[in-house]
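Engineer: Let me begin by handing over the structure; questions about it come next.
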Amino acid sequence: MVGDHEGVLADVGRHLRDTDALNYIHIAGLALIHLGKEVDGIDWLCASLSLTQAEPEWFVNAAIATMDKKLYSRAMMFLENGVKEHPDHVKIRFMRGLTHIHLRNWSEAVKDFDHVLSIDPGYYHANLSKGFVLHMLGQYTSALKCYDDVDRATTPLDTLEEIDNNIVCVMIEQGAYKQALELIEDRHLVSIRHGTLFNKALLMLGLGKWPDAWAPYRHRFHVQETQHDFVKRVDQPMVNSLSDLRGRNVLFYHEQGFGDTLQFVRYARMIAEHASHVTIGVPQKLVRLLQTLDLGVPYSVVTTIEETAYCTVSVPMLDAPFLFQTTLDTIPATVPYLSVPAAVAEQRQLPDNGRPRIGLVWAGAARPDNLRANAVDRRRSMPFEEMRHLLFLSDRYDFISLQLEDHRVADRRLFQPLDNSFDMLDTAAIVDQLDLVITIDSAVAHLAGALGKRVWLLSRFDACWRWLWDGRDTSPWYPTMKIFRQSRPGDWTSVLRNVHDELRTIS
């Protein structure tokens, strides 16, 4: 029976003396790994693959089983041995390419996919995977060529949509937003894949086509990776209309990054006007800060699912604009909506040298376990050497790093008060004392905006949808924000030059 791994092990015992014993040893190894007994399972797989000339599929099976458990180095061991015995077997080569991706061996992955395509030019999965690698490396023209090389007449429709969806992702990063939306609409790519609907929503949001974008944006739950407990374990039904809120105990919960929560928690007050009680579910580092919200009624801030048992319905934070059918003109943009209690402010006092104080953020969270998120972080972050150019104005301003200690730098012109023990309220206490915050697209940008502080956002070329793509230098979300945009991908030099020049003109 499929999935009966215990039964498989019992059956193996009856066949160990058969002439086909090695096949059963191989199957037993796979079963042990599925049962979570990885050490024993790998030993059995090694035995089955080393005692005789193993079938090519055995190497593939062993790699898949270990990759499912994220044992990528073990998977690579099986595949390296498989390539030695079957150097031109396309599945082994392809699986080794996929494993190289997980191990971040980008060039080696491309070599394996190229080898597969040299043997079988119609192996469309190799085109798809090679294109993905080149995309992650920012080699957009080469990535698009991989997708164009696919024979559309012989490739299954669902794979074609995945390829077209990847093309859309490349176009978004190149700033070709309108063309990407036209591609989706021209090819009617809206019936098969959640990813396409999600990308269509992002395009509509960034192009200002609100509020029609909010409903398809809900497909993010099928696309985006998250490790947070609320997204994985919430079992209260999601609200679909404002009428679903009336008289209910509502769980309004964190679902993406800290910045997203700081941006969309503003809707808690609007939800409270309809619900009987609001519980805000967030990570621990946000709790004290969000307890400063003024909802006009009592509310709770919790950190675990177990504390939400009394809630009857749920609202993921980025669903709030959908519920209220938010347009560019109806964004609840009154600031500040967060504050710093006097006791915390006193505890985090900065030295006062009589000069204006400016906070700096140049790097975000890398998120190495998420390939796409990690690629976004590489584009939104900059080396400190770029930001360092502003420090030549340290005779006029005091510069304060708003990075945690992971990003400490050796420069005496920069005061670095944050450490890894800080929660978001501690950081807010520092930000609240500043005259200006200059930051990449990070949680601190949202924090400064929510506190009503003057903030200059340094936006990557493929700006996040929330900053809109019409070239504006202001944000409808934060009245105190000014946006400095890259005019070319990766070009922080000209952005910082503009910032430097403007700093010289203000007091």
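The values are calculated or read from the model by the stated rules, or taken from the named source; none is laboratory data. Here the structure is a predicted model, which is why all the values come from computation and not from measurement. In this analysis, Cβ positions are derived from the backbone assuming ideal geometry, glycine residues included, and neighbour counts consider all displayed protein chains.
Engineer: Hey, could you check region 236-287 for residues that are more than 22 Å from the chain's Cα centre (by Cα) and of a type in the set (Gly, Ala, Ser) and say which is surrounded by the most Cβ atoms within 10 Å (Cβ to Cβ)?
Structural biologist: 275
Engineer: If I filter region 180-198 for residues that are at pLDDT 95 or above, in a loop (DSSP other than H, G, I, E, B) and under 22 Å from the mean Cα position of the chain (by Cα), do I get at least one hit?
Structural biologist: Within region 180-198 (the criterion being at pLDDT 95 or above, in a loop (DSSP other than H, G, I, E, B) and under 22 Å from the mean Cα position of the chain (by Cα)), the answer is no, since none of the residues qualifies.
Engineer: Next question, about the same structure. Going through region 307-320 one residue at a time, which ones are modelled with pLDDT of 95 or more and out of contact with any strand residue (DSSP E or B) (no Cβ under 8 Å at 6 or more places or on another chain)?
Structural biologist: Correct list: 318 only.
Engineer: Moving on to the next point. Answer yes or no: is there a residue in region 319-336 that is in the same structural domain as residue 259 (by TED's automatic domain parsing) and in contact with an Asp or Glu (Cβ under 6 Å, 6 or more places away or on another chain).
Structural biologist: No; the residues of region 319-336 include none that is in the same structural domain as residue 259 (by TED's automatic domain parsing) and in contact with an Asp or Glu (Cβ under 6 Å, 6 or more places away or on another chain).
For every residue, the table says whether it meets (1) surrounded by fewer than 17 Cβ atoms within 10 Å (Cβ to Cβ); (2) closer than 24 Å to residue 174 by Cα.
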residue	(1), (2)
473	yes, yes
478	no, no
481	no, no
484	no, yes
488	yes, yes
492	no, yes
497	yes, yes
500	yes, no
503	no, no
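Residues are listed down the side, and each one gets a yes or a no for (1) in a loop (DSSP other than H, G, I, E, B); (2) touching a Lys or Arg at 6+ places or on another chain (Cβ under 7 Å); (3) among the hydroxyl-bearing types (Ser, Thr, Tyr); (4) at pLDDT below 95:
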| position | (1), (2), (3), (4) |
| --- | --- |
| 138 | yes, no, no, yes |
| 142 | no, no, yes, no |
| 152 | yes, no, no, yes |
| 155 | yes, no, yes, yes |
| 160 | no, yes, no, yes |
| 168 | no, no, no, yes |
| 172 | no, no, no, yes |
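Engineer: Would you call residue 291 free of Cβ contacts under 8 Å to residues at least 12 places away in the same chain, touching a strand residue (DSSP E or B) at 6+ places or on another chain (Cβ under 6 Å) and not assigned by TED's automatic domain parsing to the domain that holds residue 377? Even if it seems obvious, please write down each step before you answer.
Structural biologist: Details: free of Cβ contacts under 8 Å to residues at least 12 places away in the same chain: yes; touching a strand residue (DSSP E or B) at 6+ places or on another chain (Cβ under 6 Å): yes; not assigned by TED's automatic domain parsing to the domain that holds residue 377: yes.
Taking the combined requirement at face value, the residue satisfies it.
Engineer: What helices (runs of 4 or more DSSP H) completely inside region 209-282 contain at least 3 residues that are within 30 Å of residue 377 (Cβ to Cβ)? Explain how you work it out, then say what you get.
Structural biologist: Values: elements: 229-233, 258-264, 268-272.
Correct list: 229-233, 258-264.
Engineer: Name the single residue that is surrounded by the most Cβ atoms within 10 Å (Cβ to Cβ) among those in region 91-122 being part of a loop (DSSP other than H, G, I, E, B) and under 24 Å from the mean Cα position of the chain (by Cα). Write out each step before concluding.
Structural biologist: The initial filter retains those residues of region 91-122 that are part of a loop (DSSP other than H, G, I, E, B), namely 103-105, 120-122.
Restricting the remaining residues to those that are under 24 Å from the mean Cα position of the chain (by Cα) gives 103-105.
Working: 103: 14, 104: 13, 105: 17.
Among them, the one singled out is 105.
Engineer: Kindly evaluate residue 477 against the criterion of being outside any loop (DSSP other than H, G, I, E, B) and among the aromatic types (Phe, Trp, Tyr). Explain how you work it out, then say what you get.
Structural biologist: Values: outside any loop (DSSP other than H, G, I, E, B): no; among the aromatic types (Phe, Trp, Tyr): yes.
Judged against the criteria, residue 477 is not a match.
Engineer: Moving on to the next point. At least 1 residues that are of a type in the set (Phe, Trp, Tyr) and buried (at least 16 other Cβ atoms within 10 Å of the Cβ) in each: list the strands (runs of 3 or more DSSP E) lying fully within region 349-468 that qualify. Spell out how you get there, then give the answer.
Structural biologist: Numbers: elements: 357-361, 398-401, 436-440, 455-459.
The qualifying strands (runs of 3 or more DSSP E) are 398-401, 455-459.
Engineer: Of (1) within 28 Å of the chain's Cα centre (by Cα); (2) closer than 30 Å to residue 213 by Cβ, residue 312 satisfies all except one. Which?
Structural biologist: So residue 312 meets the others, but not (1).
Engineer: Kindly indicate whether any position in region 41-56 is in a helix (DSSP H, G or I), modelled with pLDDT of 80 or more, touching a Leu at 6+ places or on another chain (Cβ under 6 Å) and among the small types (Gly, Ala, Ser).
Structural biologist: The answer is no; no qualifying residue exists.
Engineer: Hey, can you tell me all the residues within region 480-506 that are closer than 24 Å to residue 135 by Cα, assigned to a loop (DSSP other than H, G, I, E, B) and either of a type in the set (Val, Ile, Thr) or in contact (Cβ under 8 Å) with a residue 40 or more places away in the chain (or both)?
Structural biologist: Hits for region 480-506 are 489, 490.
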